[in-house]
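Report on the structure given below.
The values are calculated or read from the model by the stated rules, or taken from the named source; none is laboratory data. None of the values given here were measured: they were computed from a predicted structure. Positions of Cβ are generated from backbone atoms using ideal geometry, with glycine treated the same way; all protein chains shown enter the neighbour counts.
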Amino acid sequence: MTSLWSECSMRHEEIKRGKLNVAVTGKAGAGKSSFINAVLGLKVGQPGAAYTDVKECTDYILSYHAPNFEHIVFWDLPGIGTDTHNKNNYVKKLGLLDYDFYLVMGSERLTDDELWLANIIRNSNKKFYFVRTKVHDGIKFDVLSRANPRSKEEILTTLRTDCYSNLRRYDLTRQDIYLIDNFKTDDYDFSFLMLNLEEESLQVRIKYVLAYYNQKERSFLHQRKVLLETIENVVVEATTKCKEQTPELGASLNIEVLLRETKRYMEQFERSSDDIEKHEELTGWHKEVLQDLLTRNSVEINCSEKGVLDFCKNIELCELIDVQCAMPTKSNKKTKSWSFKIAFKYLNRILDILYHNALKINTEIIEMSMQGKNFR
Ligand SMILES: Nc1nc2c(ncn2[C@@H]2O[C@H](COP(=O)(O)OP(=O)(O)OP(=O)(O)O)[C@@H](O)[C@H]2O)c(=O)[nH]1
Ligand SMILES: [Mg+2]
């Protein structure tokens, strides 16, 4: 739980992590803080619970993370319709439109305050659900007050119809309405509401993962271009920093230089050992799913001196014939030219493999995300 007014940077941090920031707003005393406690499974006074009271009580903004809804951050906002918080200051003072999603709560017949709020949110192209709280009490009192009590279903239908007809006044006709009671979470629309909120949070995460990996594709392309431009210098380094011939290759190559470059490429294309953890954190997918995806989409590179040597040995003679790269003018010797060609081919091939591996992995993550697969 965190507090304060200047939460903007935190909110943006959460957005960056693909969380759904839900502002719990609405009429003062509607049961906003009680709703958060119901989600947390806590009662007022327990550590981490929101404070609720029969009098106006939430006077600042707090955020809550519920263990069962790890991709949602709930923000408990002060209620509208009091001297302190009213239509004149509510939007600006609370940074109302900074959130991703809204629950507009009311416990009585809808008033202008909730409708005004809903309208502002809708006009800023954000989504909200309308939530009517204290439904159980409403039913109890309805039954007590009538000579011929209505059934629970009849009362709920009346409530829902009433909400719809009020929302229609602002042309909010296709709005989701949930009838809940914060002290009866197994009943009414409470679990349905939470289920749909989770679905909304999934959409946010999918969007976030897609944006991240689409951007990654562009950055891989750029990295490849930059690395390609450095190859000739590395070739010069690998051939000039070598005194002895490598008999297996019939060439003079500094294998260490080539190995260093291989490691650099691997880092750039995210093939180092902790990159799987990075994917795991970004996507929220299981490690095994990602491991399998990575294995399926990548050619293994043996990142050792022996690996470099073996790779160079396997470069076919015919592949080297048309290799053209700028060689130092003074080195006309045959071996030098041969070494140049091998180093040049090696670096180009490794770069190509790693780049295409990275693209394939990226593409598969994007495809799976679009199908909503693997998200927990
Ligand atoms: N019966 C019943 N009482 C509720 C429900 N939700 C809240 N209450 C009661 O309504 C009162 C106000 O609840 P809060 O959760 O503090 O309301 P709030 O919207 O956070 O109020 P402010 O922060 O002052 O705007 C408290 O006495 C709660 O116990 C509900 O679903 N059913
Ligand atoms: Mg409150």
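General remarks:
Rundown of residues vs (1) in contact with a Gly (Cβ under 9 Å, 6 or more places away or on another chain); (2) over 25 Å from Tyr51 (Cβ atoms), yes/no style:
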{"site": "Phe183", "(1), (2)": "no, no"}
{"site": "Glu198", "(1), (2)": "no, yes"}
{"site": "Leu202", "(1), (2)": "yes, yes"}
{"site": "Ile206", "(1), (2)": "yes, yes"}
{"site": "Ala211", "(1), (2)": "no, yes"}
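- Single match in Leu110, Leu62, Leu77, Leu115 (criterion: under 27 Å from Arg169 (Cα atoms), among the hydrophobic types (A, V, I, L, M, F, W, C), within 11 Å of ligand 2 (Cβ to nearest atom) and touching a residue at least 12 places away in the same chain (Cβ under 8 Å)): Leu77
- Number of positions in region 125-154 that are farther than 20 Å from Leu195 by Cα, more than 15 Å from ligand 1 (Cβ to nearest atom) and either more than 39 Å from the chain's Cα centre (by Cα) or of a type in the set (Ser, Thr, Tyr) (or both): 10
- Residue count for region 17-35 satisfying the condition of being on the phi > 0 side of the Ramachandran plot and more than 9 Å from ligand 2 (Cβ to nearest atom): 2.
- Number of residues in region 77-94 that are in contact with a helix residue (DSSP H, G or I) (Cβ under 8 Å, 6 or more places away or on another chain) and more than 14 Å from ligand 1 (Cβ to nearest atom): the value is 2.
- Checked against (1) within 14 Å of ligand 1 (Cβ to nearest atom); (2) at pLDDT below 90, Lys16 passes all but a single condition, namely (1).
- For region 252-299, filtered to residues that are among the hydroxyl-bearing types (Ser, Thr, Tyr) and surrounded by fewer than 20 Cβ atoms within 10 Å (Cβ to Cβ), the residue that is nearest to Cys312 (Cα to Cα) is Ser298.
- Hey, Val204 surrounded by 12 or more Cβ atoms within 10 Å (Cβ to Cβ) and either closer than 30 Å to Phe130 by Cα or modelled with pLDDT of 90 or more (or both) or not: yes
- Qualifying positions in region 84-98 - away from ligand 2 (no atom under 16 Å from the Cβ) and either charged (D, E, K, R) or in contact with a Leu (Cβ under 9 Å, 6 or more places away or on another chain) (or both): Lys87, Val91, Lys92, Asp98
- Scanning region 28-50 for residues that are more than 13 Å from Trp75 (Cα to Cα) and either touching a Lys or Arg at 6+ places or on another chain (Cβ under 7 Å) or more than 7 Å from ligand 1 (Cβ to nearest atom) (or both) yields Gly31, Ala38, Gly41, Leu42, Lys43, Val44, Gly45, Gln46, Pro47, Gly48.
- Selection of region 126-142 for residues being without any contact (Cβ under 8 Å) to a residue 60 or more places away in the chain and among the charged types (D, E, K, R) yields Lys126, Arg132, Asp137, Lys140, Asp142.
- Residue in region 109-124 that is under 26 Å from the mean Cα position of the chain (by Cα), of a type in the set (A, V, I, L, M, F, W, C) and either part of a loop (DSSP other than H, G, I, E, B) or at pLDDT below 90 (or both) present: no
- Test result for Tyr170, touching a residue at least 40 places away in the same chain (Cβ under 8 Å), surrounded by fewer than 21 Cβ atoms within 10 Å (Cβ to Cβ) and outside any loop (DSSP other than H, G, I, E, B): no
- Within the option set Gly106, Gly81, Gly95, being surrounded by 15 or more Cβ atoms within 10 Å (Cβ to Cβ) and out of contact with any strand residue (DSSP E or B) (no Cβ under 6 Å at 6 or more places or on another chain) holds for one residue only, Gly95.
- Subset of region 42-59 that is in contact (Cβ under 8 Å) with a residue 24 or more places away in the chain and either in contact with a Gly (Cβ under 6 Å, 6 or more places away or on another chain) or among the small types (Gly, Ala, Ser) (or both) - its residue that is nearest to ligand 2 (Cβ to nearest atom): Ala50
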